[in-house]
Every structure is written in C-alpha cells, then in structure tokens.
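Data first, discussion second: the structure below is written as structure tokens.
Each reported figure results from applying straightforward, stated rules to the coordinates on display, with no laboratory input. No experiment lies behind these values; they were computed from the predicted model shown. So basically every Cβ, Gly included, is an ideal-geometry build from the backbone, and we count neighbours across all protein chains shown.
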Amino acid sequence: MPIVFWVQHLIVKRHQVFTFVNTQIHRMEMDFYKELGKDVRFTEGLTGCLHCGTCTAICPAAEFYNYDPRIIAETVQTRDNEKIRELLSGNTIWYCGECMSCKTRCPRGNVPGEVINVLRKISQELGYHTESVEGRKQQDIMRGVGANILKIGYCVHPDTVDPKLHPEQGPIWAWYVEHIKEVAPRFGANYQGDGPGALRKIRQENLDEIRKIFEISGGIDLRNKVMENKE
C-alpha cells in the first residue's frame with residue numbers, strides 16, 4: 001500500500017511540474033496585447049485613450065488607492081509586453097471596484113473597467129495573480145464568495161458571515177445572526193423558507209442550473225486555475 005501511494009504521489013507531482021513548466025514557457029512567449037485582443041470586452045473597451053484623465057477624476061478607487069485607470073489604459077495602449085506583464089503581476093489591476101463610472105464619462109467611449117476585467121482574467125489564467133498581495137486575495141474570494149454561489153446560490157448570506165470570524169461587523173450583527181429567525185420576517189425576508197423572498201432557500205434544480213452555467217461559460221475551469229496556482 002505505501003508503494004502504491006508513493007507512485008500515485010510521484011505521478012501527481014510529475015504532472016504538476018510539467019504543467020508549471022509549460023505555463024512558464026507559454027507566459028514567456030505570449031504577446032499579451034494580442035491575447036487581450038481576443039476578448040471582445042477589450043476590443044470594445046479601448047478605442048484609443050487621449051489621456052484626458054476624466055476616468056481618474058470620477059473613479060472612487062483612485063480616491064483611496066495609489067491607482068489611476070488612465071495609466072492602465074495608457075500602458076496597455078503602448079503594447080509594451082513587459083509593461084503589460086507588470087500590470088498582470090502587480091496589485092494595480094485589483095484595486096478597481098468595477099463600478100463602471102469610467103464608462104459613463106469617457107469622451108472616447110473607452111471603458112477602463114472592462115480592460116481591467118480582461119487583464120484580471122489573463123492574470124488568473126497564467127498564474128500572475130499569485131505574484132501580488134491583492135492578486136492572491138482572489139483565492140480567498142474563491143474559497144468564500146465563489147464557493148457560496150455554487151453551494152447555496154448566494155454571494156453573501158448571513159449564515160456564512162460568522163460574527164466570531166468577522167468581529168468587524170460589530171455587536172449588532174452578532175445579535176442579528178443570533179435572532180435571525182425572529183427578526184428576518186419583520187423585514188419581509190423568507191429566511192431558509194420555500195417560495196419567493198429574500199434569504200429564501202434556493203432550490204436544488206436552480207443550484208444545478210447555476211453550476212451548469214459556470215461549467216459551460218468556463219467559470220469552473222477558471223476557478224480551478226485560480227485555486228491551483230499557489231504562491
């Protein structure tokens with residue numbers, strides 16, 4: 001039995017090494033601008049930045065972080081492979097909250113938020129997200145929100161926000177969770193009930209449909225890549 005286990009372990013490790021090497025070679029040879037262009041969100045999201053800075057002026061994230069969506073659009077527009085690589089492996093692309101305020105204000109119709117979405121996807125697919133602090137947080141999100149969507153049909157649900165694990169929510173949240181069965185109906189919620197209403201129990205057939213959508217759209221594969229790529 002120990003020999004069988006050792007052989008299986010060796011096969012798994014060998015596969016992981018081959019996968020890692022192939023990914024590294026692929027990353028070194030890739031034309032990132034060309035790869036970005038394969039996604040319709042990029043071709044529609046960047047028509048030509050004129051550096052007016054309107055997107056940065058309206059951006060909520062720019063107020064709190066060392067972050068400038070105009071610089072991201074400008075960097076990608078240069079087609080400089082090394083500079084784009086720095087975006088993929090850095091913290092900057094993860095500061096965007098995807099509010100799309102930039103979309104409503106850009107005089108050229110650019111959407112930096114969409115460009116960032118594509119940058120994030122490539123970063124995750126190639127494992128660059130593991131090279132930055134903000135990028136590595138994607139694994140925590142997958143373990144939390146990502147798992148919640150597939151398991152219970154909610155991104156965030158009171159049952160998944162334990163006051164002991166989230167003391168920042170304060171005493172009111174702890175009280176609400178403790179008394180949720182009595183309190184939730186007063187707000188019109190249908191806590192863990194059948195039928196319509198907030199906080200209702202999502203039927204299994206609906207959960208199966210959600211998983212199918214993730215499988216067909218490639219969401220499951222991307223989730224697995226994010227979780228497989230360790231620091």
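Residue ranges 169-180, 74-85 sort as 74-85, 169-180 when ordered by packing (mean number of other C-beta atoms within 10 Å per residue, highest first). In straight-distance terms, cross-link reach from residue 34 covers every one of the aspartates and glutamates whose alpha-carbon lies under 18 Å from its own, apart from those fewer than eight places away in the same chain; here that gives 44, 74, 80, 82, 86, 114, 125. Of the cross-linked pairs 121/201; 103/201; 38/103; 121/164; 137/181; 164/225, those separated by over 27 Å at the C-alpha level are 121/201; 103/201; 121/164; 137/181; 164/225. Computed over the stretch 99-182, the P(r) curve from all C-alpha pair distances, binned at 5 Å from the origin, holds 3, 12, 13, 14, 16, 15, 12, 9, 5, 1, 0 percent per bin.
Evaluated with a Cβ-only charge set (Lys, Arg +1; Asp, Glu -1), the chain carries a dipole of roughly 260 debye about its Cα centre, given to the nearest 20.
Each Lys and Arg adds +1 at its Cβ and each Asp and Glu adds -1 at its Cβ; summed about the Cα centre, the stretch 53-140 shows a dipole of about 260 debye. Taking 0.36 nm per residue of separation and subtracting the Cα-Cα distance, full extension of the segment from residue 41 to residue 204 would add 55.4 nm.
Highest mean packing first, where packing is the average number of other Cβ atoms within 10 Å per residue, the peptides 108-114, 149-155 line up as 108-114, 149-155. Ellipticity at 222 nm from helices only: DSSP H runs of n ≥ 4 in the chain, each -39500 (n - 2.57), divided by the residue count, give -17000 deg cm²/dmol.
By the Cβ distance rule (another cysteine Cβ under 4.7 Å), the unpaired cysteines of the chain are 49, 52, 59, 96, 99, 106, 155. A simple charge model with +1 on the Cβ of Lys and Arg, -1 on the Cβ of Asp and Glu and nothing else charged puts the dipole of the stretch 138-231 at about 120 debye relative to its Cα centre. Note on the stretch 175-231: dipole from Cβ charges, positive end direction compared against 220, 184, 195; the farthest Cα belongs to 184.
Only one of (1) 0.94; (2) 1.50; (3) 1.04 was calculated from the structure for Rg/Rh (Cα atoms, Kirkwood Rh), and its label is (3).
Taking packing as the residue-averaged number of other Cβ atoms within 10 angstrom, the listed peptides 134-146, 198-210 run from highest to lowest as 134-146, 198-210.
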